[in-house]
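Data block below; observations after.
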Amino acid sequence: MFHIRQWVDFIFGKHRLESIPMLPLGSPIREANSLYGEPAESSPSDNAPEIIRHSFIASDYHEVRVSEWEGTAQSIVYFSSKSSPNRDLERVFKAYHGGDGWQVMQEGYWYQRRDGTIRLWCSAMPAIGVAFTDFLILKSRLETAYKVSKIEDLSDITWASDDVIHELQRAFVEEGSDGLTKFAQRSKMIAVSPDGRSVIVVRNYHAHDAPVGLVTLNIPPEPDGDSTQGISCYSWDHGLSSGGGRVTLPRDAQVETIKFNGNVCFLRIQQKLTSKTLTIQCSPPQLAGLWFSTTPLSSKPVTDQSLWEVWENAAAKYSPPNSDPDPI
């Protein structure tokens, strides 16, 4: 009987977004209640508790998730269990165009209203979302601020996220905050330049052998699992952040020292089972420039041996001056 009713619903188009009302952005949350009923769930956003997320069951085929900020709907995502992708997208385009139409940012994924105030995105889930552009910026800032506030809870401080490190840099450079200094003081595997514009972090990454060479994943290693160290370089210049990609070391290598001598980075690497030591003194961009040579690619697999060759060449090219072999 259920299947018969569902077929009838399809005939009358009840599975399409056209069958439910669209909630205007900026509406008081009570308007969502009047359109869709009481929310099935309401909770603070995971990484921005100031934002409240409401989930409404708008029909047998549709869920509407609303992000509330200061009492109004700032972001709305429509989920359809039986979607009609093209028609559903056109429905949302029409409902939120405001007479200005849309610009394509990334075909099939991201669109922006021509007045710049609203962005629309869609995915294969399927889901179609709209939000105020200013809210997306605010949400990102709130999420980063929340992550920064939780940095003390990290079991391994070197695994602070890229956006947290960039925010600590920004606050240091632009506001004189001491958060970046405190961050660096928590690990010998974190080095910060005197001006705060360069940060270098050494992390332990998951690693394993594969037929095409060494494979590393951007996650911490399993307990007692195989691992290798990687070095990430972050920079802050004229209000713009960059960096985070890792430069990989052989699995039998260990960073003994990482620090700055002025704005120049000094690095000592030791082979774990021998007395072999490499010393490198270079600028952060020169260190980050080793990324391509040490990154496992399907067209250019790397091994521990090939990684040693890269680092030996780097040590020969960027060796410290003889007059100051160890500026520690």
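Using the Karplus curve 6.51 cos²θ - 1.76 cosθ + 1.60 with θ = phi - 60°, work out ³J(HN,Hα) for each residue of the range 246-251 in order, rounded to whole Hz, and write x for Gly and Pro.
Couplings: 9, 9, 8, 9, x, 5 Hz.
Which one, Pro39, Leu25, Met105, is farthest towards the positive end of the dipole of the range 4-137 when Lys and Arg carry +1 and Asp and Glu -1 on their Cβ?
So the residue we want is Met105.
For the pair Val104/Leu138, report the inter-label distance in nm, with labels modelled 7 Å from Cα in the Cβ direction.
3.2 nm
If every alpha-carbon in the range 154-318 counts as one equal scatterer, what log10 I(q)/I(0) does Debye give at q = 0.09 1/Å?
The Debye formula, applied to the Cα set alone, gives -0.29.
Rounded to the nearest 20 Debye, what is the dipole magnitude of the chain about its Cα centre when Lys and Arg each give +1 and Asp and Glu each give -1 at the C-beta?
480 debye
Name the long-range amide H neighbours of Thr117: under 5 Å, sequence gap of 5 or more, or other chain; modelled H, no Pro or chain starts.
none
Exposed loop trypsin sites (Lys or Arg not before Pro) only (DSSP loop, at most 15 other Cβ atoms within 10 Å): please give the longest stretch of the chain free of them, not including the sites.
In the chain, the maximal stretch lacking such sites is 189-271.
For a quick size check, give me the Cα extents of the range 4-137 along its three principal axes, largest first, whole Å.
Computed over the Cα atoms, the extents are 45, 33, 25 Å.
At 222 nm, what helix-only mean residue ellipticity would the chain give, in deg cm²/dmol to the nearest 500, using -39500 (n - 2.57) for each DSSP H run of four or more?
Here the helix-only value at 222 nm equals -8000 deg cm²/dmol.
Take Ser75, Ser241, Ser155 and sort them by solvent-accessible surface of the protein heavy atoms, 1.4 Å probe, largest at the top.
Ser155, Ser241, Ser75
If I model a spin label as a point 7 Å beyond the Cα along the Cα-Cβ vector, how far apart are those points for Asn86 and Asp156 in nm?
4.9 nm
Quick check for me: using +1 on Lys/Arg Cβ and -1 on Asp/Glu Cβ, what's the dipole size of the range 44-128 about its Cα centre, in debye to the nearest 20?
280 debye
Over the alpha-carbon set of the chain, divide Rg by the Kirkwood Rh and report the Rg/Rh ratio to two decimals.
Rg divided by Rh gives 1.10.
List the longest stretch of the chain that has no exposed loop site; here a site is one of the GluC sites (Glu not before Pro) assigned by DSSP to anything other than H, G, I, E or B, with at most 13 other Cβ within 10 Å.
Excluding the exposed sites themselves, the longest stretch runs over 108-328.
Could you go through the range 108-121 in sequence order and give the Karplus-derived ³J(HN,Hα) for each residue, using 6.51 cos²θ - 1.76 cosθ + 1.60 with θ = phi - 60°, rounded to whole Hz, and x for Gly and Pro?
Working through the residues one at a time gives x, 10, 10, 9, 10, 5, 4, 7, x, 8, 9, 10, 10, 9 Hz.
When only alpha-carbon atoms are used, what values of Rg and Dmax, in angstrom, describe the range 138-205?
Rg then Dmax for the range 138-205, in Å: 11.4, 34.
The values are calculated or read from the model by the stated rules, or taken from the named source; none is laboratory data. All values derive from a computational prediction rather than experimental measurement. All Cβ positions, glycine included, derive from the backbone under ideal geometry; neighbour counts span all protein chains shown. The protein model used for the area step is the full one, side chains on, heavy atoms only, and it has no ligands, DNA or RNA in it. Shrake-Rupley method; radii C 1.70, N 1.55, O 1.52, S 1.80 Å.
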